[in-house]
Amino acid sequence: MDMKRFPNGKKDVEKQKANLQEADLYGADLSRANLQGVNLSRANLRGANLEVADLYGADLSEAKLDGANLRRAKLQGANLSDANLSKVSLEVADFYGANLHGANLRRAKLQGANLSDADLSRANLSRANLSGADLSDADLSRANLERANLSGANLRGANLSEAKLQGANLEVADLRRAKLQGANLEVANLRGAYLHEANLHGANLHGAKLQGADLYVANLDWTNLRGADLSRANLQGANLSGAKLERTTMPDGSKHD
């Protein structure tokens, strides 16, 4: 933290909060700070403590936040596009409607976070923990979610078109009416997932685990289901036209030729 500019720490940061662009706040204690609407673009917040901080509508574009603590932070409508949030603690943080386009969230801890209506297009969420998170109606198009933990997450109505979800854990996740066109779900865990009316047109589900999944009226046309396990899955009304089903385990346990 730049002690010349902020000799009194958090008090000085809050006083100068109108414009903190490119500010050096490395390791600063900003817990519970009021930073609504602040310009923190390209700021250095590595290792900073922002627990329960109010960053409603703040500009954190291209900010360096790796290793920071943002547990329970308020980030509704904030701009975090292209920000570095790798390995950041974001449990139960509120990102409703936030812009996280292209952000680096690799290995971020987002358990129970609110990301509904957020823009996460092209974001890197590989190996991130999103268990129990609310991602309803979020834009995750072309996002990298390889090996991410999305177990029990709410992805209802989310846009995951062309997203990378190889090896992701989506067990018991709610994907009702989700858009998964062209998504890569190779060897993903979708056991017990709710995919009611989901659009999986052209998706890659090679080797995916779909035991007990609800695919009622889902669109699976031209999907790659080779080697996938659909035992006990509900395929009532599902569209499987053009789907590749070689070595697929069907709902009754039989193997498709």
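Selection of segment 124-154 for residues being under 20 Å from residue 182 (Cα atoms), assigned to a loop (DSSP other than H, G, I, E, B) and not hydroxyl-bearing (Ser, Thr, Tyr) yields 125, 135, 137, 138, 140, 142, 143, 145, 146, 147, 148, 150. For first residues located in segment 230-242 and without any contact (Cβ under 8 Å) to a residue 24 or more places away in the chain, partners that are not in a loop (DSSP other than H, G, I, E, B) and lie 6+ apart or on another chain with Cβ distances below 7 Å form the pairs 230/249; 231/249; 234/214; 239/219.
Considering only residues that are in a loop (DSSP other than H, G, I, E, B) and within 12 Å of residue 123 (Cα to Cα), which ones fall in segment 160-176? Show your work before the answer.
Within segment 160-176, the subset in a loop (DSSP other than H, G, I, E, B) is 160-163, 165-168, 170-173, 175-176.
Result: 160, 163.
Scanning segment 179-226 for residues that are surrounded by fewer than 20 Cβ atoms within 10 Å (Cβ to Cβ), of a type in the set (Gly, Ala, Ser) and closer than 21 Å to residue 126 by Cα yields 182, 207. Can you tell me which residues in segment 218-241 are in a loop (DSSP other than H, G, I, E, B) and under 14 Å from residue 204 (Cβ atoms)? Residues satisfying the conditions are 220, 221, 222, 223, 225, 226, 227, 228.
Note on segment 25-43: residues that are within 18 Å of residue 79 (Cα to Cα), of a type outside the set (A, V, I, L, M) and assigned to a loop (DSSP other than H, G, I, E, B) total 4.
Of the residues 17, 11, which single one is part of a loop (DSSP other than H, G, I, E, B), of a type outside the set (Gly, Ala, Ser) and at pLDDT below 90?
The conditions single out 17.
Here residue 42 qualifies as out of contact with any Gly (no Cβ under 6 Å at 6 or more places or on another chain) and either at pLDDT 95 or above or hydrophobic (A, V, I, L, M, F, W, C) (or both).
Looking at 108, 143, 148, 138 in this structure, which one is crowded, with 20+ Cβ neighbours inside 10 Å, out of contact with any Pro (no Cβ under 7 Å at 6 or more places or on another chain), under 23 Å from residue 27 (Cβ atoms) and of a type in the set (Gly, Ala, Ser)?
Details: 143 fails: under 23 Å from residue 27 (Cβ atoms); 148 fails: under 23 Å from residue 27 (Cβ atoms); 138 fails: under 23 Å from residue 27 (Cβ atoms).
Criteria check complete, one pass: 108.
Could you please let me know if residue 76 is more than 23 Å from residue 151 (Cα to Cα), of a type in the set (S, T, N, Q) and part of a loop (DSSP other than H, G, I, E, B)?
Numbers: more than 23 Å from residue 151 (Cα to Cα): yes; of a type in the set (S, T, N, Q): yes; part of a loop (DSSP other than H, G, I, E, B): yes.
Spelling it out, residue 76 is indeed more than 23 Å from residue 151 (Cα to Cα), of a type in the set (S, T, N, Q) and part of a loop (DSSP other than H, G, I, E, B).
Within the set 225, 230, 235, 195, the sole residue that is at pLDDT 95 or above and in contact with an Asp or Glu (Cβ under 7 Å, 6 or more places away or on another chain) turns out to be 195.
The values are calculated or read from the model by the stated rules, or taken from the named source; none is laboratory data. The model shown is predicted, which means the values in this text are computed figures rather than measured ones. Cβ sites come from the backbone with ideal geometry, for glycine too, and all protein chains shown count toward neighbours.
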